[in-house]
Each structure stands twice: as C-alpha cells, then as structure tokens.
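Trainee: Take a look at this one; I'll ask things after.
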Amino acid sequence: MIPTSTNVSIEVKATPPAGVDAIAVFIAEKGVICGDAPHLVDETTLRAIERLQKARVTHGKSGQVVFDLLEAGRGKTRRIYVIGVGKHDKLDAEAVRQAAGALAKAVKKHCIASIAIVPPVLKQPLQHGAEALATGFLLASFDYSEYRGAASRKKNDSEEAFPKQINLTILATSISLAELRKQVQRGRIIADSQNFARTIAHRPGNDINPPSLAKVAQDMVRQTGLSCRVLDEKQMARLGMGGILAVGMGSIATPPRMIVLEYKGRGARGKGQANKPLLLVGKAVTFDTGGISIKPADKMGKMVFDKCGAMAVLGTMCAIAKLKLPVHVVGILCAAENHISSRAYRPGDILRMYNDVTVEVTNTDAEGRLVLGDGLAWGIETYKPAAVIDLATLTGGVVVALGRNIAGVMSNNDELVKQLDELTARTGEKIWRLPLGPEQREQIKSDDADIVNSAGREGHPLQGGAFLSYFVPDDNSVPWAHLDIAGVADSDKDLPYYKKGATGWGVRTLIEWIEMRSA
C-alpha cells in the first residue's frame, strides 16, 4: 500500500446510513443552507439547525463549526454539525476545502466513527462540491504517526474512544450517484497522492536518503504502472553532472541519485508538439546541513523538508497514473544529501555542470540550484519536453518577500505563468510572479567561471531563478517555470486543512496543469 497517513473510508449514498454517529451540513452567511440538505436530512435535524440559527450560535462564518446533540433512538445520541463557508455568492472549491478541513478536525476531536455529509454546490464555478469536500476532509485527516512509540500512548486511550477508521458518507440527490462517485474518487486520488508526498516528506534523514528515496519511488511505481529509472553516482559521473555530484560528495554512505519516473497514458501519442512529454523536476535534498557554509543549529532539523519540491513531483506522478490521464509526463527527483566531511565540496570550488556551464561555488548552502541545474539540463536534452516546471524549497528570501502562503514563480514564458495563475485560483495554492531578466543573470556572473551559485543576499530568490535559467534553452523554445516553494512547502502552525509540518504543496496545481495540457 502507498502510505497516506490517513484513516478515512468514503462511500456515496442517497440516504444517511442507519446508526450514523453524526450528520453535517454547510451553511453560508445569512443562514443559507448549502446543497441538498432540506431533501436529505430529516425534520428533527432541520429543526436542530434552525435552533442553532435562532440562538445565533452559527453565523455561517468561514471555518466555524458548531454542533448539537439529537436523540437517535434506543438511547443513542447523534451529533448534528453545522459548518460555515462564508459568503454564499463566493462559495468556491477552496472555501469548501477549508470548511471540510475544519469539520475533519472536529470529528477527530469528538472521536466520531461515522458521519454523513451533505456537500455544498459551488457558485464559482457552478458545480457540485463533493470533490473539494473529499479533498479537504482527507488532507485535514493526515496524521503522521510512523515514529510514535509507547510513550505516545496514554493509559486512558482505548479503541472505543479513538476509532481506528472514520467512515464518511457523502450524500446527494441533485446529481446522479455515479457522477458523484466519480467526483469523490477523483478527490480521493488527489488527496491520497498529496498525503503520500507529505508522508515521505516527514520521514527523517535517518530514514530517507537518496538511495532509500529511490526505493520508495520504485515501490510506488510497482503499484501504479509507472516506469522508474535510477541514475547512481557512477552513471552521473559519466554524464558529467558536476552539480548534483558535488552536493552529494560529502555524504559517503548515502550518495546522490537521479530518480526518473515516466508515465505514458493511453491516448497520449500524437505528432510534433503533441508527442512531446511534460517534464517535472523536483529538488530532493533529503537533509541539508548547509555544508561547509553550515546552517544555524536551532532550525536545522526542519531541513528534512528540503526534499518537498521532489515530493510534490512524486505525489503528482502517483496521481496521474491513478487518474489514467491521456498524457506523457516525466518526473525527475534530484536527490542528494548536503553533508560535511573530508569529501564535502568547498566555497571556491568550480564545478562543470551537465550542459558544460561552469559554476563557482560561493556558498555551499545554495545547493538546491546545483542539483536542479543538472536535472533540468539533462531532462530537457533527453526528453525534449513540450514544457517544464521545477519545484524547490530554494531560498529563505522568498519567504521574506512573499510570506508563508504564497510561492514565487519565475518563468521564460508569459502564457505558462498565465495558465498557472488561472489554475492556482482553483486549487488554492497561491503564486506570485517575480522578475527574471538580464539584470538577474548579470548579478550572478563569475570572474573565474561562467556564474556563481550565490551573489549575496540581495534579490536571492531572483538569483535562484536566474541561475536555473542557464539550464534551459537560451532561445526560450521550451516554456519553463520555476516555483520557489520554500515558504509553502511546510508550516510551523496548523492551517485550515493542514497540520503543522509538510503540506504537499503543488500536487493539486500540477495535476490540474497536466490535465489542462492533456485536453
């Protein structure tokens, strides 16, 4: 089984199951009940909702969750949850994901084993909200517990108090059950794939290193039908990949790997441009000490999340295989550990990259662009893609510039950025374009080599994009976008449908982009 760190089963029905522990409905501001609730729940439940409204307990505010207890017969009680979604005329998929996340947290807190939910109908765009509901509930149900041991189990814990599985039933009448199941299944695949990315991102450096990450990818492809090719350090040396080899040189026991996943969907063949694959490239620095330019000790442990760009690629490849999209996609995970040892690369070293660009190392903690540069140049030359997106937790500077909920994007193609802007408005994964031009490329010029890997703190996110631009064709013949996800890849606090830790950011947007391109 592909690990997802969730314990939720989902089924679709026209009526609530007998004996269900709770029923949930969504309500907008001004008391507007969303979806088919008046047709799907009984009079007792509707009266309970009216009581909560008259008592002004529920206002429909986004993320607000209130509940009441109802008699359910035979001495049992049933909870009725009312979840706020904000303004009714602005109800979109992201509002539903956030509301479903708030509900999932309440369900876990109250130890609910089974719940039936009436999904809302979206206003922007007009469509059923079942997919967004399933996605938000599953993302919020993520609970990374692989390393919790005996000390985490309290004496008063019991299977009765904490159910091993939450049984979720999604209800509807205004849409066929077959169509509803299709939407819910898509939401489940996307959320499970994103949670898979989060699970591997959470695994610590003593578990996940470049060779063991390759094994995780190989296990995944056996279950999904993808193909997998792994380049080891000897193969990369023969190819002249001086960047990734230098970064991984300090880690003697766990050398670097270039992990290549390929999916060829049925119906993906075509002529000319239509026959070219899409290329995704992700940074997988499985642990980053900073190398000789060592990081401060207090937050170094968070560097387990320095592989999140590649985890987004891993989750996306898993999802498109399960969705059986008619498209050809290649995903490259550029994996290395940036350690300190007698073999570690040094400031002042000059590296020769795969495409013969030479790089003067000025900061060994600017390592992500080195592993990505080789991956981009080799991937573009080998697969001749129609378009390329890379993702990386590349710079702390992008967090300073944009905060913790917006990713920076740099690109050589306006149309590609426009596509991503439109898609992220639907997926809730926000981006903001940063400049990339001759000034930024000039900033990283070297006296002794072609370029430096870092030219100081000024405009550091822009330097990262400018550096990577040297590893895509100069004539802009290949549309390329670089996503700096350092601020959004993990969170140090709970968010509406994310717990503290890895978010799996980018999986939803990449899937939408690949679907759009396949259409």
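The values are calculated or read from the model by the stated rules, or taken from the named source; none is laboratory data. Note that the structure is predicted; figures quoted are calculated from it, not measured. Methodologically, a virtual Cβ is constructed for each residue, glycine included, from the backbone with ideal geometry; neighbour enumeration extends over all protein chains shown. For accessibility, only protein heavy atoms count, side chains too; no ligands or nucleic acids. Shrake-Rupley method; radii C 1.70, N 1.55, O 1.52, S 1.80 Å.
Trainee: Listed residues V118, V96, V85; which is within 19 Å of G187 (Cβ to Cβ) and either open to solvent by 50 Å² or more (accessible area, probe 1.4 Å) or modelled with pLDDT under 90 (or both)?
Mentor: V118
Results for (1) surrounded by fewer than 18 Cβ atoms within 10 Å (Cβ to Cβ); (2) more than 30 Å from A100 (Cβ to Cβ); (3) among the β-branched types (V, I, T), shown as yes or no for each residue.
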{"site": "D421", "(1), (2), (3)": "yes, no, no"}
{"site": "E442", "(1), (2), (3)": "yes, yes, no"}
{"site": "I451", "(1), (2), (3)": "no, yes, yes"}
{"site": "P461", "(1), (2), (3)": "no, yes, no"}
{"site": "D492", "(1), (2), (3)": "yes, no, no"}
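Trainee: Select, from G250, G301, the only residue that is part of a loop (DSSP other than H, G, I, E, B) and over 19 Å from I389 (Cβ atoms).
Mentor: That would be G250, the only listed residue that is part of a loop (DSSP other than H, G, I, E, B) and over 19 Å from I389 (Cβ atoms).
Trainee: Would you check which residues across segment 11-51 are open to solvent by 40 Å² or more (accessible area, probe 1.4 Å) and either among the aliphatic types (A, V, I, L, M) or out of contact with any strand residue (DSSP E or B) (no Cβ under 8 Å at 6 or more places or on another chain) (or both) and list them?
Mentor: A14, A18, K30, V32, I33, P38, H39, D42, E43, R47, E50
Trainee: Being among the small types (G, A, S), in a helix (DSSP H, G or I) and open to solvent by less than 20 Å² (accessible area, probe 1.4 Å) is the filter here; which residues of segment 367-400 pass it?
Mentor: Residues satisfying the conditions are G368, G373, G375, A377, G379.
Trainee: What residue, of V304, V285, is open to solvent by 10 Å² or more (accessible area, probe 1.4 Å), under 14 Å from T393 (Cβ atoms) and not small (G, A, S)?
Mentor: The unique qualifying residue is V304.
Trainee: Now for a separate question. Hey, could you check segment 401-416 for residues that are hydrophobic (A, V, I, L, M, F, W, C) and crowded, with 20+ Cβ neighbours inside 10 Å and say which is farthest from C334 (Cα to Cα)?
Mentor: By that ranking, first place goes to L402.
Trainee: Now, a different point. Determine if segment 42-60 includes at least one residue that is free of Cβ contacts under 8 Å to residues at least 12 places away in the same chain, closer than 20 Å to A106 by Cβ and among the hydrophobic types (A, V, I, L, M, F, W, C).
Mentor: Yes, some residue in segment 42-60 is free of Cβ contacts under 8 Å to residues at least 12 places away in the same chain, closer than 20 Å to A106 by Cβ and among the hydrophobic types (A, V, I, L, M, F, W, C).
Trainee: Can you tell which of G437, G465 is free of Cβ contacts under 8 Å to residues at least 12 places away in the same chain and open to solvent by less than 40 Å² (accessible area, probe 1.4 Å)?
Mentor: G437 is the lone residue from the list that is free of Cβ contacts under 8 Å to residues at least 12 places away in the same chain and open to solvent by less than 40 Å² (accessible area, probe 1.4 Å).
Trainee: Working carefully through the options K299, K295, find the one that is without any contact (Cβ under 8 Å) to a residue 12 or more places away in the chain and either over 28 Å from V478 (Cα atoms) or open to solvent by 10 Å² or more (accessible area, probe 1.4 Å) (or both).
Mentor: Going through K299, K295 in turn, just one is without any contact (Cβ under 8 Å) to a residue 12 or more places away in the chain and either over 28 Å from V478 (Cα atoms) or open to solvent by 10 Å² or more (accessible area, probe 1.4 Å) (or both): K299.
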